[in-house]
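The values are calculated or read from the model by the stated rules, or taken from the named source; none is laboratory data. From a predicted model like this one, the values you see are computed outputs, not experimental measurements. Positions of Cβ are generated from backbone atoms using ideal geometry, with glycine treated the same way; all protein chains shown enter the neighbour counts. Note: areas computed on protein heavy atoms with side chains; ligands, DNA, RNA excluded. Shrake-Rupley method; radii C 1.70, N 1.55, O 1.52, S 1.80 Å.
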Amino acid sequence: MKDKQTKKKKRRGWIILLVCLLLLIGTGFYQSRTNPRVRILLSIMKFSESTLKSEDYLLHNIDIMELCRTYINGDTHVVGDAGFSHMKNLASSISMDIDRTRSFASRRMVNKMQMNFLWMEAGEIDVYGENETIYLDAPLLGDDIGYAFPTGIDLFMKAPDLTSDINQKWFRSNAKNIVQLMGEIEIKKTGKIYTDKDGLKGEEFVVTIPKGSGAFVWKLFGMEMPDYDVVCSVYLTKNNRLIRMEVDASHVIDGVSMVMQGKNLGTAYMYYQLPDNEKAVMRMKRNAKEDCLDCTMVYYANTGQNIKMKSSISWTKRDKGFSIKINNIHMWSGEEEMAQGFFKGEVTPLKDAGDVFEGKDERLYGFEVLDWKAIRKDTKGFVNDVLSKTSFGAFVAD
């Protein structure tokens, strides 16, 4: 009996949508089929009932609410091992024991790394972070050596504080709200066609959510209702499947825009326009075969230099936290490969990370401040200079 009642409740939301569609149809089958509002409604239904179930969907098997609340906007502790080989200008591989604590509440973090060259312990290097500044403390060089790097980038960007996971249950329970929103938004058909690498075509519709509309959407994201119109572009196939979405998020984070695309929205791009005509691009693609995310990050400097890193990320849930593996790490400077590596570790949420600086505030604030851009222009030279001050300078290739 309970099963029958549950099924009826699950169907109720979509019955509301279907009734709305029938009301919109009124003027005839062909007109309704091409009506932008009808097409958007159908795409939402298809996304909820098809895309969300696909193993190719970018966020397959990921609890977005938990990820944002617990791990991005929360305090965490990470322990693990990392290794790097084939390093340019370094005649040895490096392994590291890593212990990292991050406090989102205090906007501070510390990453303690015990470095090893071959079978020998080289010593400890600690990386601290606060707001937009990175501090490099290198006990292996001496107690009085450290550097501060103001980056100009917020190291603790807040993720949306979701109040629900974005799943079929949410779509069904908000079916009435979605229908109401369809009557408030503006939809413009542009005639622009997007074609993916497999030849799948999608037609662009620019969707504008007017200021003051969609309260249930902002509640989902744990945000105050914006005091501006929100605009995004969606691309629908002839069968009303959403295959691409473009969002300008610069109202939330200056210079940021995002794109999701693919038959099952399995690929995402994040573009971050930085000051001084520089930018960073991150690409994530769901790899269903290997059950992981393939990631590529590229930093475009205004010097013409590009720094690129590729990796594959997988994870396994534990009773408290999760295990993570980052394999096949490759790093390039332009066309020249600089290193290969891996990381494996355990991530555990914390109620309160406490004082992650451990009372070293005054010491860190006294470090020599270096121009990040100047270091970037000669990164190899800086790294070699640092390593040459250790007893392991012999491992640095000429």
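How much net charge surrounds C68 when only other residues with a Cβ under 15 Å from its Cβ are counted (Lys, Arg +1; Asp, Glu -1)? Intermediate values should be presented prior to the final figure.
Numbers: positive: R69, R102, K158, K219; negative: D63, E66, D75, D161, D165.
Summing Lys/Arg as +1 and Asp/Glu as -1 gives -1.
Over segment 127-194, what portion of Cα pair distances is larger than 16 Å, expressed as a whole percent? Spell out each step's value before the answer.
Working: 1668 of 2278 pairs.
For segment 127-194, the fraction of Cα-Cα distances above 16 Å is 73 percent.
Would you mind getting the accessible area per residue of segment 71-160, heavy atoms of the protein chains only, 1.4 Å probe, in Å²?
Values: 3890 Å² over 90 residues.
Result: 43 Å² per residue.
Roughly what would the spin-label model give for N239 and I324, points 7 Å off Cα along C-beta, in nm?
So the two model labels end up 3.6 nm from each other.
What are the ³J(HN,Hα) couplings of segment 337-348, residue after residue, when phi is run through the Karplus curve with 6.51, -1.76, 1.60 and θ = phi - 60°? Round to Hz, x for glycine and proline.
In residue order, the calculated couplings are 6, 9, 5, 10, x, 7, 8, 9, x, 10, 10, 10 Hz.
How much length is gained if the chain between K219 and E124 is pulled fully straight, taking 0.36 nm per residue apart and subtracting their Cα-Cα distance, in nm to one decimal? Spell out each step's value before the answer.
Working: separation 95, 0.36 × 95 = 34.20 nm, distance 4.49 nm.
My answer for the length gained is 29.7 nm.
Please compute the modelled spin-label separation between D276 and K310, points set 7 Å along Cα→Cβ, answer in nm with one decimal.
My value for the distance between the label points is 2.9 nm.
Which net charge results when you count Lys and Arg as +1 and Asp and Glu as -1 among the other residues whose beta-carbon is under 12 Å from that of V79?
Details: positive: R100, K112, K344; negative: D81, D97, D99, E346.
Spelling it out: positives minus negatives among the neighbours equals -1.
What is the distance in Å between the Cα centres of segment 312-379 and segment 45-90?
If we compute the Cα centre of each part, the gap is 15 Å.
Just want the answer: with Cβ charges of +1 for Lys and Arg and -1 for Asp and Glu, which residue in L162, V230, I178 is farthest toward the dipole's positive end in segment 137-238?
Highest projection toward the positive end goes to I178.
If Rh is defined by the Kirkwood formula over all Cα pairs and Rg also comes from Cα, what ratio Rg/Rh do you get for segment 187-251?
Details: Rg = 13.8 Å, Rh = 13.1 Å.
A ratio of 1.05.
Using a 1.4 Å probe over the heavy atoms of the protein chains, calculate the carbon and sulfur portion of the accessible area of segment 258-369 as a whole percent. Mind dumping the intermediate values first?
Numbers: 3380 of 6610 Å².
Result for segment 258-369: 51 percent of the exposed heavy-atom area is carbon or sulfur.
For segment 272-361, state which GluC sites (Glu not before Pro) are in a DSSP loop and have at most 14 other beta carbons lying within 10 Å of their beta carbon.
Working: sites: E278, E290, E335, E336, E337, E346, E358; in loops: E290, E335, E358.
Passing sites in segment 272-361 are E290, E335, E358.
Mind ranking V127, V369, V347 by accessible surface for me, highest first, 1.4 Å probe? Provide the component values of the computation, followed by the final result.
On the way: V127 35, V369 100, V347 15 Å².
So the residues, ranked largest to smallest area, are V369, V127, V347.
Of all chymotrypsin sites (Phe, Trp or Tyr not before Pro) in segment 183-259, which ones are in loop regions per DSSP and have a Cβ with at most 16 other Cβ atoms within 10 Å?
Working: sites: Y194, F205, F216, W218, F221, Y228, Y235; in loops: F221, Y228.
Of the chymotrypsin sites (Phe, Trp or Tyr not before Pro), the ones in loops of segment 183-259 whose Cβ has at most 16 other Cβ atoms within 10 Å are F221, Y228.
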